[in-house]
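J.: Sharing a structure here in structure tokens format.
The values are calculated or read from the model by the stated rules, or taken from the named source; none is laboratory data. Remember, predicted model here, so these are calculated numbers, not experimental data. Positions of Cβ are backbone-derived with ideal geometry, glycine not excepted, and every protein chain shown enters the neighbour counts. For the accessible areas, the whole protein counts, side chains as well, though only heavy atoms, and no ligand, DNA or RNA atoms are used. Shrake-Rupley method; radii C 1.70, N 1.55, O 1.52, S 1.80 Å.
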Amino acid sequence: MKTAIFSIGVFLISLFLGSCQPSKTSCSVVDTGKALDYKMGDKLLFSYNYATVYPAPGVDSVYKRSGFIHPLKTLGGEVMTNCSPADHYHHFGLWYAWTKTTFEGNEIDFWNLHKKQGTVRFRNFERVSDNGFVATLDHVVYPDSPAEKVAMNERLEIKIGTTSLPGYYIDYHTTVRLAGSSPITMEAYRYGGICIRTREDWNEQTAEMLTSEGLSRDEADGSRARWCYYQGKAGNEKACILIVAAPSNLNYPEPLRVWDKTVNKPAGDVMWNFSPTKQQAFTLEPGKELSLFYRIYVLDKKINSTTAEVLSDFECD
């Protein structure tokens, strides 16, 4: 009986959310010369920073980066990401980088910029439209040194869509290939890949996390998940960020790296990462590619696991 009731509930929600599939949007894009600002009407959805963003005055310029999303905002105007906070200058809102890799016999960290081993740089746009873009990025070893070299090329495709819920989604499709003939191994490590640093006032008292496996924030780290959401009060409204991993992704369901409430005191906020190589290394060989697809919902309301399951049922374009 319980199974029948649950099935009926999912069916009814599916009908209600029937338009939660890829759809055309009324978005527009403004190129500021430093970023692509995507808007819905007069409301900024997010900025894709293609120009190099430097840290605050007085902070080592090694913490510079291009090719990331910040701010990521709700339709209500609330900023959902945190960029270059003083506790982790190398966190960039919504971004992508690998942490522990081996390239040409050396350890290369593209995430922790202070090591000066690697970084990620925007190169150019293949295409820009009102509903998204395609960008090329370089994963660079030993940046700003005589030994500088591009190890991988990344093709990032972003598409924006709408749902019948208040909010929108971003399809985030990244594909990396070798820039030359040298393979690169993403070693088994606790974090690396796509990551989001959420707003500072979301902590264990103001927001809640849930994974597809029913785990909370303090339980999620190291677990595998098909989707994960974090939600709470944002300003005077409620908001939710739901990230869904595609079944075609490496090591799906993917392991998670989640800061629990003890990690980043006193703020208690969250860095949250789908980390496909957390438990198993992957070597990118010549002629091969690594393609990862995520749908990121930014909603102006809180949801539950049943709604998340419905939203996670989509096909990648």
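J.: Quick one: the Cα spread of the chain along its three principal axes, in angstroms, biggest first?
T.: 65, 42, 42
J.: Post the alpha-carbon centroid distance, region 119-198 to region 260-317, in whole angstrom.
T.: Between the Cα centres of region 119-198 and region 260-317 lies a distance of 15 Å.
J.: By a straight-distance test (C-alpha under 26 Å), which lysines pair with LYS100 as possible cross-link partners, with residues fewer than eight away in the same chain excluded?
T.: LYS64, LYS115, LYS116, LYS149, LYS261, LYS265, LYS278, LYS288
J.: Restricting things to alpha carbons, find the Rg to Rh ratio for region 82-138 using the Kirkwood radius for Rh. Let's see the in-between values first.
T.: Details: Rg = 14.0 Å, Rh = 13.2 Å.
On the Cα set of region 82-138, Rg over Rh gives 1.06.
J.: What is region 125-222 by shape, rounded, prolate or oblate, if you read a ≥ b ≥ c off the alpha carbon gyration tensor as root eigenvalues and call it rounded for a/c under 1.5, prolate for a/b larger than b/c, and oblate otherwise?
T.: oblate
J.: A follow-up question, please. Find the accessible area per residue for the chain; the probe is 1.4 Å, ligands and nucleic acids are left out, and the unit is Å².
T.: Using a 1.4 Å probe on heavy atoms only, each residue of the chain averages 43 Å².
J.: Let me ask you something else. Report, to the nearest whole %, how much of the accessible area of the chain belongs to carbon and sulfur atoms, 1.4 Å probe, protein only.
T.: 50 percent
J.: Still on this structure, I have one more. Karplus couplings for region 100-115 from phi (6.51 cos²θ - 1.76 cosθ + 1.60, θ = phi - 60°), rounded to Hz, Gly and Pro as x?
T.: 9, 10, 10, 9, 6, x, 10, 6, 10, 10, 8, 9, 7, 5, 5, 6
J.: From the Cα gyration tensor of region 151-194, with a ≥ b ≥ c the square roots of its eigenvalues, which class applies: rounded if a/c is under 1.5, or else prolate if a/b is larger than b/c, or else oblate?
T.: On the way: a/c = 6.74, a/b = 2.11, b/c = 3.19.
Oblate.
J.: Report the local net charge at TYR191: Lys and Arg +1, Asp and Glu -1, summed over other residues whose C-beta lies under 14 Å from its C-beta.
T.: Numbers: positive: LYS100, ARG190, ARG197, ARG257, LYS278; negative: ASP109, GLU187, ASP221, GLU254, ASP260.
Summing Lys and Arg as +1 and Asp and Glu as -1 gives 0.
J.: Cβ under 14 Å from LYS302's Cβ, LYS302 left aside: what net charge do those residues give with Lys, Arg +1 and Asp, Glu -1?
T.: After counting each charged neighbour, the total is -1.
J.: GluC sites (Glu not before Pro) within region 141-175: which are DSSP loop residues with at most 14 other Cβ atoms inside 10 Å?
T.: Filter output for region 141-175: GLU148.
J.: Something else about it: In terms of the Cα gyration tensor, with a ≥ b ≥ c the square roots of its eigenvalues, is region 186-317 rounded because a/c is under 1.5, prolate because a/b exceeds b/c, or oblate?
T.: Values: a/c = 2.17, a/b = 1.43, b/c = 1.52.
Here region 186-317 falls in the oblate category.
J.: Give the aspartates and glutamates reachable from LYS39 as a straight Cα distance under 19 Å; neighbours fewer than 8 places away on the same chain don't count.
T.: Straight-line reach from LYS39, under 19 Å: ASP31, GLU78, ASP130, GLU157, ASP171, ASP300.
J.: Counting only other residues whose beta carbon sits under 15 Å from that of ARG226, what net charge do I get with K and R as +1, D and E as -1? Before the final figure, lay out each step's value.
T.: Details: positive: ARG224, ARG295; negative: GLU213, GLU254, GLU309, ASP313, GLU315.
The answer is -3.
J.: Can you tell me the 0 to 90 degree angle between the C-alpha axis of helix 2-16 and the longest principal axis of the chain, rounded to 10?
T.: Relative to the chain, helix 2-16 is tipped by roughly 70 degrees.
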